[in-house]
Each structure stands twice: as C-alpha cells, then as structure tokens.
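A short worksheet on the structure shown next.
The values are calculated or read from the model by the stated rules, or taken from the named source; none is laboratory data. Predicted model only: the values in this text are computed from it and were never measured. All Cβ positions, even for glycine, are placed from backbone atoms using ideal geometry, and neighbour counts span all protein chains on display. Keep in mind that these areas ignore ligands, DNA and RNA; they rest on the heavy atoms of the full protein, side chains included. Shrake-Rupley method; radii C 1.70, N 1.55, O 1.52, S 1.80 Å.
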Amino acid sequence: MDIVILAVIIAVLVLGAIGGLIVGSRRRKPQPPPPPAAPDITAPPAEPHVGDEAETPRDEPRRTIEEVDLPDGGSTGVAVEEPPTIEAPPIEIPEPTEGRLVRLRARLSRSQNALGQGLLTLLSREHLDEDTWEEIEDTLLTADVGVQPTQELVEALRARVKVLGTRTPQELRGLLRAELLKLVGTDFDRAVKTEPADRKPGIVMVVGVNGTGKTTTTGKLARVLVADGRSVVLGAADTFRAAAADQLQTWGERVGAHTVRGPEAGDPASVAFDAVKEGKEMGVDVVLIDTAGRLHTKTGLMDELGKVKRVVEKHAPLDEVLLVLDATTGQNGLVQARVFAEVVDITGIVLTKLDGTAKGGIVVAVQRELGVPVKLVGLGEGADDLAPFEPEAFVDALIGE
C-alpha cells in the first residue's frame, strides 16, 4: 500500500516537472509583432482653379475697399503703356467746282497760247495770201484739231475776213473766238449724269488705257461730287494693277467716301457688282467704278470690260461711261477712243494733262470722232485740278487776253 502511494506521488512530481518545462519553453519563444495600424493619410492640397488663391485660404481679418490705402498719383509704379491709337485722316473740304476752269485759266493758257496766239498773228497780217492761209491750216493741224475741222474753220475765217475788210486786233480776237466756239461746240450737254430721276445711286464707270491717269481721275471726280454736296462710294475694280485699290481708297478717305475692293487679281466684275450693291444699301448718291487700265489692243481684256458693264447693269443701267484720254497723245488717242466706243457706250470724255505739252485742238478732234462731249479736263497734279469743261473759258485760254 505504501508502495502504491509512493508511485502516485512520484508520477505527480514527474508530470509537474514536465508541465513546467513546457510552460517555460513557451515563454521563451518570441511572439509575432502585432499588425501595424493604418497610417493617417493626408490628402494633397487641391490644384487652384482660375480665380482661386494659389494657397489654402487662411482665416484672417478682411478689410473693406474703404479701409485699403490706395497709392496716390505721385507714387512711382510700373507705367502701363496704352496701345497707340490710329487716327483717321482728316476729312478734306474740296474747292467748289463752280468756275473752277476759270480759276485755272492761267495754267491752261500757258500751253495753249501757241494755237491762239499763232492764229491771231497770222490773221493780223495786212495781206492774207494763199501762203498765209496754208500757214493757218498748218497751225491748226499741228494743234491736233483734225483735217475736217481745220478745213471748216479756215473756210469760215476766209469768209468772215473778206466781209470784215479792215481788221483791228479786237475785231480779229472776236472773230477767232466766235469761230473757235463753233468748232468746240456750245450746244453739248456737258454735265456728268449722276442724278437719275427714278432711283439712287447714279452709276458712273471710268475706263481708259494704262497711264492716262484713270484712277487719279476717279479720285478727283469723287472730290468734285463731294464739293457739290453728293455722297459717294468708290468701286476699286482695277484688280490687276498693284496698289490701285490702295490708291483709290486713299483718295476716298480724304473726302470721306467708302471704297469697295476685292482681292488682288480678283474678278473686277464682282467688285463692281458689290460696289453698286453697297451703294444702294448705304443710300449714297453716286457710285464711281474704276476699271483696269487695259490695253485697247488686247481683245480679251476689252471683252472683260464689256463683262463688267453687263454685270453692273444687273443692278441698274449705267448713267455715265467716261473715257479718260491723255491729251498729250494727240491723234493717237483717237485710236483708243474708237476701240473703247465699240465695247462700251462712251457718254463723255475726260482729257487729262491738258496743261502740259497737250495741244488744245484734241478737244475738237475727239468730240468729232466720238460724237460725245468733253465733260472734264485735268489741268495739273493738284487734288482739285480736275474741272468741268467750259467752252467759253477754254477758248479764252486759247487766244489769251
């Protein structure tokens, strides 16, 4: 019995020792680290939008506009330069056209006196023989009067001198003045037609060859019309010559006239059509159309001039077709006049450079050739040197005072 109790005690001790070893080994074994806690994530600052502050706004006291000290006018700061303003050119007031040719008579007479004074000198001879009459004919032909008008004038002078008998200088001057007036013509209607009774605007087309001063004449004609109280639109249908539209626009700006233009080398008929259209919409009095200075020897170009005329007439009929001729070309200008008259119905002539080496007889010759009057004459390079043609003032300039 004692042995059994002792065995039980020993077993209990052994089991206790084994349990202590196991517990000790478990305490010495390292424990796994605990899982890390989730970090605090701070959101990045939001990107500023248009109108936002670049940094996060802070709570700070605000001031009203009245509390902010503004810099005085004398403080030095960064000067902000204002862009330069482009000023429109001043509007000019052209000279009145009434009596303009009379005012320019001295300029005209400087180059024309050779004709009038030559005739007066010849007619003042005591004996007017055949040689003298031949000299009179030569003087007239040299002045570009033309063969037929020269013969008519010489015959009329012969008859008048024969009847007159004794000839004083005053009588000769009156005789020559009367015959030259007949030759130049006083019964033509020389007014530039710009006021159709049934519509607005009046439409004027300006034609001519290169170098006659056509674009300049168009600009000067605008000044003539403005001086007479008319409103004007300019059509820059000369799209073939470089800077022609710029030149015409400059003329228009000087008198407050609007210019319609198209692309360089564009369709001139389209520009002319648009000019008339805008003129009607604006309610102006006159539309002036400057055409290309085409050579009269090139059929294709002349055909295009006819096209411009037809396109414009889709709006309304043309009131005037003015042919610009260089008076210094003399009889050669008549060749140009004939060809242009075949393409468009010329209604009037503008003679430019009449104050230079031109001879006054071209006025008679071109009127006879076309059967239309000279309506305007250019007597210089000045802006107001284009004058309505007045036969009396012209003849007075021919024969002098």
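Can you name the condition, by its number, that residue 392 falls short on among (1) of a type in the set (Asp, Glu); (2) closer than 16 Å to residue 218 by Cβ; (3) assigned to a helix (DSSP H, G or I)?
Exception for residue 392: condition (2).
If you check residue 289 against the conditions, is it buried (at least 22 other Cβ atoms within 10 Å of the Cβ) and either assigned to a loop (DSSP other than H, G, I, E, B) or in contact with a Lys or Arg (Cβ under 7 Å, 6 or more places away or on another chain) (or both)?
No: the conditions fail for residue 289.
Residue under question is residue 230, and the condition is that it be among the charged types (D, E, K, R), in contact with a strand residue (DSSP E or B) (Cβ under 9 Å, 6 or more places away or on another chain) and more than 22 Å from residue 359 (Cβ to Cβ); does it hold?
On the way: among the charged types (D, E, K, R): yes; in contact with a strand residue (DSSP E or B) (Cβ under 9 Å, 6 or more places away or on another chain): yes; more than 22 Å from residue 359 (Cβ to Cβ): yes.
In short, yes.
So how many residues does segment 319-337 have that are open to solvent by 30 Å² or more (accessible area, probe 1.4 Å) and in a loop (DSSP other than H, G, I, E, B)?
First, pick out the residues of segment 319-337 that are open to solvent by 30 Å² or more (accessible area, probe 1.4 Å): 319, 328-329, 331-332, 335.
Restricting the remaining residues to those that are in a loop (DSSP other than H, G, I, E, B) gives 319, 331.
Within segment 319-337, residues that are open to solvent by 30 Å² or more (accessible area, probe 1.4 Å) and in a loop (DSSP other than H, G, I, E, B) number 2.
So which residues in segment 107-124 are open to solvent by 80 Å² or more (accessible area, probe 1.4 Å) and at pLDDT 85 or above, if there are any at all?
Correct list: 121 only.
Show me the strands (runs of 3 or more DSSP E) entirely contained within segment 172-263 in which 3 or more residues are more than 10 Å from the chain's Cα centre (by Cα).
In segment 172-263, 202-207 are the strands (runs of 3 or more DSSP E) which contain 3 or more residues that are more than 10 Å from the chain's Cα centre (by Cα).
Of the numbered conditions (1) assigned to a helix (DSSP H, G or I); (2) open to solvent by 10 Å² or more (accessible area, probe 1.4 Å); (3) modelled with pLDDT of 85 or more; (4) not hydroxyl-bearing (Ser, Thr, Tyr), residue 366 satisfies every one except a single condition; which is it?
Here residue 366 clears every test but (2).
If you scan segment 142-171, which residues turn out to be open to solvent by less than 60 Å² (accessible area, probe 1.4 Å), assigned to a helix (DSSP H, G or I) and among the polar types (S, T, N, Q)?
150
Any residue at all in segment 309-318 that's farther than 29 Å from residue 200 by Cβ, in contact (Cβ under 8 Å) with a residue 12 or more places away in the chain and open to solvent by 20 Å² or more (accessible area, probe 1.4 Å)?
Scanning segment 309-318, I find no residue that is farther than 29 Å from residue 200 by Cβ, in contact (Cβ under 8 Å) with a residue 12 or more places away in the chain and open to solvent by 20 Å² or more (accessible area, probe 1.4 Å), so the answer is no.
So in segment 243-267, with the set limited to residues that are without any contact (Cβ under 8 Å) to a residue 24 or more places away in the chain and of a type in the set (Gly, Ala, Ser), which one is nearest to residue 97 (Cα to Cα)?
245
Scan segment 232-257 for residues that are at pLDDT below 95, within 15 Å of residue 91 (Cβ to Cβ) and not aromatic (Phe, Trp, Tyr) and report the count.
8
Every residue in segment 344-363 that is of a type outside the set (A, V, I, L, M) and in a loop (DSSP other than H, G, I, E, B), please.
Of everything in segment 344-363, those that are of a type outside the set (A, V, I, L, M) and in a loop (DSSP other than H, G, I, E, B) turn out to be 345, 347, 353, 355, 356, 357, 359, 360, 361.
What residue, among those in segment 369-389 that are over 17 Å from residue 184 (Cα atoms) and not in a strand (DSSP E or B), is least open to solvent (accessible area, probe 1.4 Å)?
By that ranking, first place goes to 379.
It is to be established whether one or more residues within segment 196-207 are buried (at least 22 other Cβ atoms within 10 Å of the Cβ) and in contact with a Phe, Trp or Tyr (Cβ under 8 Å, 6 or more places away or on another chain).
The answer is yes, given that some residue of segment 196-207 is buried (at least 22 other Cβ atoms within 10 Å of the Cβ) and in contact with a Phe, Trp or Tyr (Cβ under 8 Å, 6 or more places away or on another chain).
Please pick out the residue among 240, 273 that is in contact (Cβ under 8 Å) with a residue 24 or more places away in the chain, touching a His at 6+ places or on another chain (Cβ under 9 Å) and at negative phi.
None of the other options fit; the residue is 273.
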